Every structure is written in C-alpha cells, then in structure tokens.
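Undergrad: Next up is a structure, given as structure tokens.
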Protein chains: 2
Amino acid sequence: MLDLRPVGYVIGLLLGALGLAMLGPLVADLAAGNGHWPAFAESAVITILCGALIALASSNGVGQGLTIRQSFLLTSGTWIILPLFGALPFMLGRPDLPLVDAFFESVSGVTTTGTTVLTGLDTLPAGILLWRGILQWLGGLGIIIVALLFLPVMRVGGMQFFQAEGFDTQGKILPRALDISWALLNVYLMLTGAIFAAYWVLGMTAFEAAVHAFTTVATGGFSTTDASFAAWPGPEQYVATIGMILSSLPFVRLMQLTAGQPMPLVRDSQVRAYILWIAIAAALVIGYRALVLGELSEDTFRNSLFNVVSIMSGTGFGDGDISAWGAFPLVVFFCVGAIGGCTSSTGCSIKVFRYQILFRAIAAQIKRLHSSHRVVSIRYEGRTVGEGVLDSVILLFTLFILSLGLLTVALSLTGLSYLSAITGAWTAIFNIGPAFGAEVDATGAIPDFPETAKWLMSAGMIAGRLEIIAVIVLFLPRFWRG
Amino acid sequence: MLDLRPVGYVIGLLLGALGLAMLGPLVADLAAGNGHWPAFAESAVITILCGALIALASSNGVGQGLTIRQSFLLTSGTWIILPLFGALPFMLGRPDLPLVDAFFESVSGVTTTGTTVLTGLDTLPAGILLWRGILQWLGGLGIIIVALLFLPVMRVGGMQFFQAEGFDTQGKILPRALDISWALLNVYLMLTGAIFAAYWVLGMTAFEAAVHAFTTVATGGFSTTDASFAAWPGPEQYVATIGMILSSLPFVRLMQLTAGQPMPLVRDSQVRAYILWIAIAAALVIGYRALVLGELSEDTFRNSLFNVVSIMSGTGFGDGDISAWGAFPLVVFFCVGAIGGCTSSTGCSIKVFRYQILFRAIAAQIKRLHSSHRVVSIRYEGRTVGEGVLDSVILLFTLFILSLGLLTVALSLTGLSYLSAITGAWTAIFNIGPAFGAEVDATGAIPDFPETAKWLMSAGMIAGRLEIIAVIVLFLPRFWRG
Ligand SMILES: [K+]
Ligand SMILES: [K+]
C-alpha cells in the first residue's frame, strides 16, 4: 500500500503557507477601505485550519523522505488541492461568481496560465487583484522546485538529464530539498524585487508594480487592468520583456549567476537557442508587419518583440489584438507557444531543451537511413544523451500533441467555434494565457465559454503545467497496486 | 558516384507508359467530337519520345537491380518527373490555364490528392476529365508498388516490419518486382472493374462510372462534376464508401483474398483497428448531428459515413459542405485525415499501423515510468517490433507534424487566411483533397489561392505522398557523396 502520510504532511504545510499568503490581500483591502477584507479573513482561517489538520493527521509518517510514487502523488496532489483553497477568496468575495469561474481563476493562477474569466479588472477590489498575483507568484516558485527536484527523480520528460547538475538527491527527495528551495527562493525574491523596482521607477503605482512583478517573474500574465500592458506602451514593456526572458531561463543558471559565475549562463546551449529563436520569431513578425502591413516604427518593434516574448515565455501579457495582424503572425505565435521557455524556469510548454534533443534525434535518424551503421549517439552540452532520456522526451512530445488534439476535440464538442477551441486548448495545455475566437471577449477574458469548457480547460492547465505524465501516471491501476 | 542509369531507364519506361495512357483521353475526345484530341496527340508524342530517349540513353547500365540509394532516387524522381509530363495535356488543351495550375492539377492527380484548381468541371471536354482520372489511377497503382517493394528496403517509416511478408527481395529491388507488380495489377484491375460495374448499374453513364471508378480505387477523389457525389445522393454513395474502404486496406491482404485466403484479411489487426476507428468517427459525427443539430435521417447516416470514409481513406469525394456542420465535426475530420488508411494501400496520411505502434510504445513507456525494469518490448501481430522500426515510425510522425507546421506557416505567409492555410497544408501533406476557408470556392476548388501557395502545396503533396523521408534524404549532401 502507498503510504499517503508524507504526501499529506507536505500538502498540509503548503496549505498553511497559502492561508498565510491570504493575509496580504486582507491588508490591501483593509488599507483600501473597500470592506472586502472579511472574505480573505474567512478564507485564511479555513485554509490554515484545514492545512494544520491534514499536517497533524499525517505527521507520524514523516522523516524518511519521499519515494518516487509519493513524489508523483505530491506533485499532482498539490496542483489539484491548492487551487481548491485558492478559489475561496473568489467565492466568498464575489458570491455572484459561479463556482466554476472561481475554480478556473484559481487554477489559472496556480498553474501560471493567466487566462481569466473576470472582466472589468479595473473596478475589482485591490485584494482580489493582489490575490491573483500572489497565486501566480507561488505557482511559479512551486513549479521551479518541482522541475529542480521532482521531475528528474520521476524521470519525466527527459529531466533526468539534469539530475546530476548541482544536486545529487540519491533517489530520495527531501533530504537536500529545503537547502535548494531556500537558495532558489532567494534568487526568485531578488528577481521579483528588481522587476518591482523598475516598474515603480517608471511610473506604475506601488500596487500595480507589485502585482505585475509577481506575474512577470511567474510568467503568469495576470494584470490589474483589462488593457494589460497596452496601458503602458513605453519603457515598461521593455522592462517586462527583459523580466519575462530572465524568468524563463534555467534558474540553476541564475543561481550560479548570483553566486558570481556568469559563464555557465552564457555558455548554456539551451539559453543560446532560446534567445536565438526569440530573435528569429520577432524578426519574422516585425518583417511581416513592415513588408505586408506597411507598419514600421518604434511601436511596431517594441510591441512585436513584447508579444513574441510574452507568448514564447508563456506569460501572456497583451498589448493590442495580435490576432488582427493576420494569419502569419498568428501561426508564428502558435508555434512559439508550442516551444516555450527553458527547463527549470517558470516558463511553460514543451521547452527549448526538448526541441534541441528532438532535432538532434531526427538528424541522427536521417543520417542512419542510407548508411549501414546502426549505432547513433546524440550529444548535448558535451554529454551523451542516454536512451532513457530520448525515450522520455519523445513520450512527452507525443503526450503533449495528443492532449492538445483531445482537448481541442472536447472543447469543440461544447459548442465553441473551431478557432476558440484550438486556441483554448493551446492556451490551457501550454499555460500561455490568451485565446482567440468568436467567444473570447475584447479584453481577452473568456467568461462566456461554456461551463464544461472551463472545467476541461482547468484540467488541461493542471496536466500541462505538470508535463502531463505526472498526472497520467495517477490514473494507472498499477500505480496504486504496486 | 551514384549510377543514375538504372534510375533513368525505369523513369524512361514509366514515361512511355504515361504517354500511351494519353491515348485514352485522345479516343474519348475523338468520340465526343469536341475537337480537343490534338492536345493529347501532341502530349503523347512528346512524352513517349522523351521516355524512349531517356530509356535508351540509360539502357547500358541496366541489369543488376537497384541499390538503396538508387531506390530513393527512383521513387522521388518518378513523382517529380511524371507530373511534369502529366501536365502537358492541361497546358496544351487549355492554353489560358497558368503554368502553375497545370502542374498543380497534374501533381494533385499523380499523388492522388484530388485538390483541384479547375472550376466548371461539368463543361470541360471529356478527354481532360478522363485524363485526371487516369493520372490518379496510375498514381494509386504506383504508390502501392512503392509501399510493397521500395519503402521496406529503404526502411522508411517502419515499413521494414512488412518486408518479410510474402516477398523477400534480398536487399535489391527489381528481381522479383515484376512478378509482384503483375499480381498487384491484377487485383487493382479487378477492384476497378467491380466498382465501375456497380456505378454503371446504379445509373451513372459509362464515362462517369469509369472516371469515378479510377478515382475511387486510387482514393484520389477527382470527379466529373463540381457537385462531386452530391450529384448521386443515393446507393452510389454506399458503393463509393465500400470502394474507398477496400482501396485503403493492405493490398497484400486483398491479393491473398483473391487467392482464396480470406482469413489473413479478417485477422489483420490493422484492418480491424481501421474499421473500428471509422465506426467511432462516424458515430461521433452522426451523434453530434442528431443531438446538437437535430438532424437524423437516412441522409444524415449515409452522408456522415460517406464523408468520414472519404476523408479518412484520403479520397476526398464530397457531399455537401461539411465545414457547415460545426466545429466538432470539422475537428473529427481533421483528426481522421491525420490518421489515414492502412499501409501498402492507395490510402494516404500517416496510416493506422503507425498509430498502433505509437500507442503501444506510449503504453510501454508509461508502464516503465514507475517500475525499475528498463526493458520494454513492443509486440505487433505476434512479432516483436524491433527498435529500428520504432525509431523509424517516430521519425515519420515527427517529420509529418513538422512538415504540416512548416507548410502552414509558409501558406499563411502567402496571405491566405489561417483556416485556408491550416487546411491547405493538411490536405496537401496528407493527400486528402478538400480544403476549407475564405479563399476556397463553393465548389471546393482553389483557383484563387496565390501562385506561391500552389507551388508550395505541390511540393507538400509530393513529400506527403512519399512519406517525406524519401524526399528529404535527397537534400543531404551525404546522399550524393557517399
Ligand atoms: K501564462
Ligand atoms: K485524395
């Protein structure tokens, strides 16, 4: 039998932390004097209480670290249970909001997707806006910890390739987990602070700067205004662009950078490919707008680069209606969204590393076609890529594509038009944020999507964020038996 | 150096046969007395002359069979050179037609894609209509020979799995090629004859029955009328449905069937999966139309099944505007088009066999995730699937998806709307036939696509028909050096 207690203990502690985080919006609403603070007080009490009970009930099974199966359960369990409690402030603070909308908004926060069902953001109480930012910030921190500590041990998506890098966890998670998480939190806080300071200096209010700093570093994309970054069509967008790029680089490299070692970052082949691909995609969009649409100004340049980085990093901040630029830019955006950022960052989607491995595998296979040699070895960053890594990467690609297809089919069944269905599936599975189509509001919000579509997209966001495999494994009878 | 002579010799002979085939439309135009026969006479003379010259020039290098590299070159060369000559009757017979349109129509014929740039089919001379049917019929016959003899030796897309089945070619092609091709031609002729007879008995004219029998057995989809099968909304559609299914079954099994062995066909796991998947897709479409659109009659049933089989087999006959049924049926059609028929049939796309292998590989990989066993063997039809087969299948999937993405990007760059770009790429790469979108005529023809889009789609049709790898290999410098 699977011992659930270590899993329950950690989830209990995380719920406690989530409850404490609700005190931030509570203070914000008190300060604003809008009378919304009781919703957060109530939510905090419920969440902390439940967390404490779960942790206490499980505490007698703790101390020997986590097995691989427990790691799978903890990862998926966290991203299912925390959004349930994260939805409480939405439910209690806005009793008119349907249950599905509260849950969707919370999942969209914790998974750092950033798709919203709320309209009229500018008129919402400060607490709700801050809470959305905090959910993304916590979700971003969480996913880096999962990518650094859990995915390698769970052998998900070829992440075992990065296992030896810096942290040897010897097959069991937790012993060194706290040290690593602490160092990571340090970098994450520094980056958030730097982005906050830059936004603030450039003229955002402290509140706007804080929320946008939270959602930039998490590549989440929630904003305080319906206009998103169209409200700041100037230097703020350059800051956001740099912030989004930094947040979608491997955090191991950022940790080395803050320790005074810039070279690992500069030499990292994934980082180089990522920057190169951003440049190519931006050049394609800018070139198209200049040559075909006849638009060429600082605005064209800034706004194209900003949107490319926003989609490729999976942030989803918006500036203008990019679907109005024509079919070619839309297809470019679709493609970069299916690539995503670097591994062990807050960035989402399939990730640059896996495309590099895939391309090398294809090249090796084609070479093999008309030669009699059968042994082909793929190298990455000077090391041989083992067969297990390659198999995992290809499995992950397949599952992402199948999930995308399946969710598109399911969404179209709910009655959505095909463009809404395709981009809805894309934005959910790859945790990007914006969707396009007839049922999408002018603000980019999707309150009018059918209820079933919102549940399906919530499931898609969780599956996509956890790289699908971590979720699928839980549905195998073998998992629970063995 | 690569000896081009055996390749040239075969292509020369094939050109000769193509030229002889032009006598059919010549006779048809003479009989109709429409005065169009000189175009075919001229084309036939040019084609036969060129074929004879090429064959003669290469004849001193013949006799020792083909190496693997020569097989690659012959396969790709045939599908590039034959359409050039196949376009002659269009160019000479309709001097107003742009060059790109003549070439596109010919490629669409030889690759059995069936997308057309011609409108007003009902007013075209009989010779042109017959020539389109003959091009598809020859193209269908050709692709089965390639699938039976060449792809296994070339190790393309896992076809080496079928190599031992019936024909051992011992690594060199040609020795037994003629016997096999002869037996195959026999079955192909019988099937064509049966379908022709059924169409004729049901009320088509002998001419209509002949052209539609040609394009049914080739899963090509060219018709003699703009209305396609909407002109025969009755039992003819059931005949076409059965004909399209038979033509997308493995021809090895049909050859065994005509030799009095029905069991291999009945027991074939690919055939069973294909029939099952057709049934599921048809049930989804019929269910959706019944429950959501409130349509349920014999017409709904027949017409849904007909269109599902038409798309999945890659034929592309039409009956009504299926894109008007809503997003869900459109997504189902998109998916079944990306599956396709069975291996070594005239059917196109990725093929059922490869999905079966892929699904088994995924299941094996997921099983492996939380167990310590590392050895996973995949079985198919009672035999172990070797690693080379699995690698080839996965390479083929990847290349199909990348090509689809690349062609979509390129088509959207020509200014097509996104739906036209996506379905245009889909219909070309998977050799299906219909496209949907703003730039597509009400008849389904695409004369208004930009010239560049037509060239790109022509390349896509050839690459897709030859399973992409056979074409890509020719672009490797290694291929020409080695
Ligand atoms: K996002
Ligand atoms: K076709």
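Undergrad: Could you give the spread of the C-alpha atoms of chain A along their three principal axes, from largest to smallest, in whole angstroms?
TA: Result, largest extent first: 75, 68, 52 Å.
Undergrad: Here is a follow-up. Sequence-distant or interchain residues sharing an amide H contact under 5 Å with B:Tyr380, placed H: which?
TA: So B:Tyr380 has HN proximity to B:Val385.
Undergrad: Find which of A:Cys50, A:Gly433, A:Gln136 sits farthest along the positive direction of the dipole of the protein assembly as shown, computed with +1 on the beta-carbon of Lys and Arg, -1 on that of Asp and Glu, about the Cα centre.
TA: About the Cα centre, the residue reaching furthest to the positive side is A:Cys50.
Undergrad: When the Kirkwood hydrodynamic radius is evaluated over all pairs of different C-alpha atoms of the protein assembly as shown, what value in angstrom, to one decimal, is obtained?
TA: Final number for the Kirkwood radius of the protein assembly as shown is 30.0 Å.
Undergrad: Let me ask something else. Assuming 1.306 mPa s and 10 °C, estimate D for the stretch B:399-473 with Stokes-Einstein, Rh taken as the Kirkwood radius over Cα pairs, in µm²/s. Spell out each step's value before the answer.
TA: Values: Rh = 12.0 Å.
In µm²/s, the coefficient rounds to 132.
Undergrad: Positive end of the dipole of the protein assembly as shown, charges at C-beta (+1 Lys, Arg; -1 Asp, Glu), about the Cα centre: which of B:Ile81, A:Gly318, A:Leu121 has its Cα farthest in that direction?
TA: Of the candidates, B:Ile81 comes out farthest on the positive side.
Undergrad: Can you give me the relative contact order of chain B as a percent, contacts being Cα pairs under 8 Å and 6 or more apart?
TA: Values: 814 pairs, mean separation 84.1, N = 482.
Once normalised by length, the contact order is 17 percent.
Undergrad: Can you tell me which of A:296-307, B:378-389 comes out highest on packing, and rank the rest after it, using the mean Cβ neighbours within 10 Å? Numbers along the way, then the final one.
TA: Numbers: A:296-307: 18.0, B:378-389: 14.2.
Answer by packing, highest mean first, reads A:296-307, B:378-389.
Undergrad: Sticking with this one: Roughly how many debye, to the nearest 20, is the charge dipole of the stretch B:5-253 about its Cα centre, given +1 on each Lys and Arg Cβ, -1 on each Asp and Glu Cβ, and no other charges?
TA: Numbers: 8 positive and 12 negative charges, 173 e Å.
Roughly 840 debye, rounded to the nearest 20.
Undergrad: Still on this structure, please answer the following. When the distances between all Cα atoms of the stretch A:84-231 are binned every 10 Å from zero, what whole-number percent does each bin get?
TA: Taking all Cα pairs of the stretch A:84-231, the binned fractions are 11, 35, 29, 19, 6, 0 percent.
Undergrad: Where a ≥ b ≥ c are the square roots of the eigenvalues of the C-alpha gyration tensor, would you call the stretch B:242-368 rounded, which needs a/c under 1.5, or, failing that, prolate if a/b is larger than b/c, or oblate?
TA: oblate
Undergrad: Compute the normalised compactness of the stretch A:22-169: alpha-carbon radius of gyration over 2.2 N^0.38 Å, N being the residue count. Walk me through the intermediate numbers first.
TA: On the way: Rg = 17.7 Å, N = 148, 2.2 N^0.38 = 14.7 Å.
That ratio works out to 1.20.
Undergrad: Considering only A:Ser403, A:Gly234, B:Val211, whose Cα is most displaced toward the positive end of the charge dipole of the protein assembly as shown, charges sitting on Cβ of Lys, Arg (+1) and Asp, Glu (-1)?
TA: A:Ser403
Undergrad: Quick one: give the max-minus-min coordinate of the C-alpha atoms of the stretch B:5-253 along each principal axis, largest first, in Å.
TA: 49, 39, 27
Undergrad: Now a separate question. For n ≥ 4 DSSP H runs only, could you compute -39500 (n - 2.57) per run for chain A, divide by its residues and tell me the 222 nm figure to the nearest 500?
TA: Details: 22 runs with 305 residues, N = 482.
It comes out at -20500 deg cm²/dmol, rounded to the nearest 500.
Undergrad: Same structure again: Where the centre of each part is set by its Cα atoms, how far does the stretch B:40-62 sit from the stretch A:418-437, in angstrom?
TA: So the separation of the two Cα centres works out to 54 Å.
Undergrad: A follow-up question, please. Quick one: work out Rg over Rh on the C-alpha atoms of the stretch A:68-133, Rh as Kirkwood radius. Kindly include the intermediate steps, with their values, before the conclusion.
TA: Working: Rg = 13.2 Å, Rh = 12.6 Å.
Taking Rg over the Kirkwood Rh, I get 1.05.
Undergrad: Can you list the aspartates and glutamates whose alpha carbon is less than 13 Å from that of B:Lys454, not counting same-chain residues fewer than 8 positions off?
TA: B:Lys454 reaches B:Asp101, B:Glu105, B:Glu439.
Undergrad: Determine the principal axes of the Cα atoms in the stretch B:355-449, then give the extent along each, sorted from largest to smallest and rounded to whole angstroms.
TA: That gives 57, 25, 19 Å along the principal axes, largest extent first.
Undergrad: If you don't mind, there's one more thing I want to ask. Any idea what Rg and Dmax come out to for the stretch A:182-295 if you just take the C-alpha atoms, in Å?
TA: Computed over the Cα atoms of the stretch A:182-295, radius of gyration and Dmax are 15.9, 50 Å.
Undergrad: Here's something else I'd like to know. Compute the Cα gyration tensor for the stretch B:324-482, then decide on rounded, prolate or oblate, letting a ≥ b ≥ c be the square roots of its eigenvalues: rounded whenever a/c is under 1.5, prolate when a/b is larger than b/c in the other cases, and oblate in all that remain.
TA: Numbers: a/c = 2.41, a/b = 1.61, b/c = 1.50.
It comes out prolate by the Cα gyration axes.
Undergrad: Using a cut-off of 20 Å between alpha-carbon atoms, which aspartates and glutamates can reach A:Lys351, once sequence neighbours fewer than 8 places away in the same chain are excluded?
TA: A:Glu165, A:Asp268, A:Glu381, A:Glu387, A:Asp391, A:Glu467
Undergrad: In addition: Assuming 1.306 mPa s and 10 °C, estimate D for the stretch A:24-103 with Stokes-Einstein, Rh taken as the Kirkwood radius over Cα pairs, in µm²/s.
TA: On the way: Rh = 14.7 Å.
My calculation gives 108 µm²/s for D.
Undergrad: Right, next: Would you mind classifying the stretch B:299-383 by shape? Square roots of the alpha carbon gyration tensor eigenvalues, ordered a ≥ b ≥ c; an a/c under 1.5 is rounded, otherwise it is prolate if a/b is larger than b/c and oblate if not. Intermediate values should be presented prior to the final figure.
TA: Values: a/c = 3.96, a/b = 2.22, b/c = 1.79.
It is prolate, given that a/c is not under 1.5 and a/b is the larger ratio.
Every number here is computed from the coordinates shown, using simple stated rules; none is lab data. Please read all numbers here as calculations on a predicted model, not as lab measurements. Please note: Cβ atoms are built from the backbone with ideal geometry, for glycine as well, and neighbour counts cover all protein chains shown.
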